[in-house]
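Report on one structure; see the data block that follows.
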């Protein structure tokens, strides 16, 4: 069990990276009216076969050959389902994978979203050659970060893995989240 | 909205510093384990602490990267430090505070923080 949802996101998005994705989109939508928090991670990686999809939420299934357990997806699924939410994973070989988790926003068992800025700066900084989109929307107001836009500003002079850039990404997300009514 | 102008300023700053950098193989590598086990045990704040310290102290010859599960999940967060020409040092059960000490003692002053290493733990 992860103490905050942003850690689940980091873990799930690492799967996208390993699937060879060149673009991974992470979208967080908070909707107070319907009492729902929705987190979607979608990528254009290698996708999964039907057999893999069927087993992906089984903790004793993993594509690794080094050991027999894989807890990332089961953790994320459990975190959603204990709040009365839903979890789904859709994938097509050669096209990509979309993981979607819906949480009961005010449910007492819902873990806090946590440090999404830390998750995104780690993801981007540790994988500077691929692209990420992060969007956060709370009751109609939101913002989006697109590394392709950042890359254009930085040119060839500075990598997204530069510690100064990673620090900037973190504060970019933190400050814009505050402007959209804060985190949940 | 936070301004993107700050990002452009980072580029200008980096351009000015480009001559001071060494791009060779002589960089020290800091590798943080970031699989499910590492993340659950608190690897992200450890990684963030290394980045923050490296940024604060403007360490140009240090490269911070991540890896998957190293196979010693019960000792996570695990950090490996590769100084060129020296034996690899494995730090275990790391925290952000310990990371800051590893930066000052090991990366800057060349003194391995023995009390955090796997040899001391086991």
Some residue of segment B:45-59 being over 16 Å from the mean Cα position of the chain (by Cα) and farther than 15 Å from residue A:125 by Cβ: no
Quick one: count up the residues across segment A:159-181 that are under 16 Å from residue B:50 (Cβ atoms), more than 7 Å from chain B (Cβ to nearest Cβ) and assigned to a helix (DSSP H, G or I). 2
On the given criteria, is residue A:101 within 16 Å of the chain's Cα centre (by Cα), assigned to a helix (DSSP H, G or I) and in contact (Cβ under 8 Å) with a residue 24 or more places away in the chain? no
Within segment B:29-70, residues closer than 19 Å to residue B:117 by Cβ and at the interface with chain A (Cβ under 7 Å from one of its Cβ atoms) come out as B:47
I'd like to check something: does segment A:64-80 contain any residue that is in a strand (DSSP E or B) and in contact (Cβ under 8 Å) with a residue 12 or more places away in the chain? no
Give the number of residues within segment A:149-165 that are under 22 Å from the mean Cα position of the chain (by Cα) and free of Cβ contacts under 8 Å to residues at least 40 places away in the same chain. 8
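Each value in this text was obtained by applying a stated rule to the coordinates, not by laboratory testing. All values derive from a computational prediction rather than experimental measurement. Positions of Cβ are backbone-derived with ideal geometry, glycine not excepted, and every protein chain shown enters the neighbour counts.
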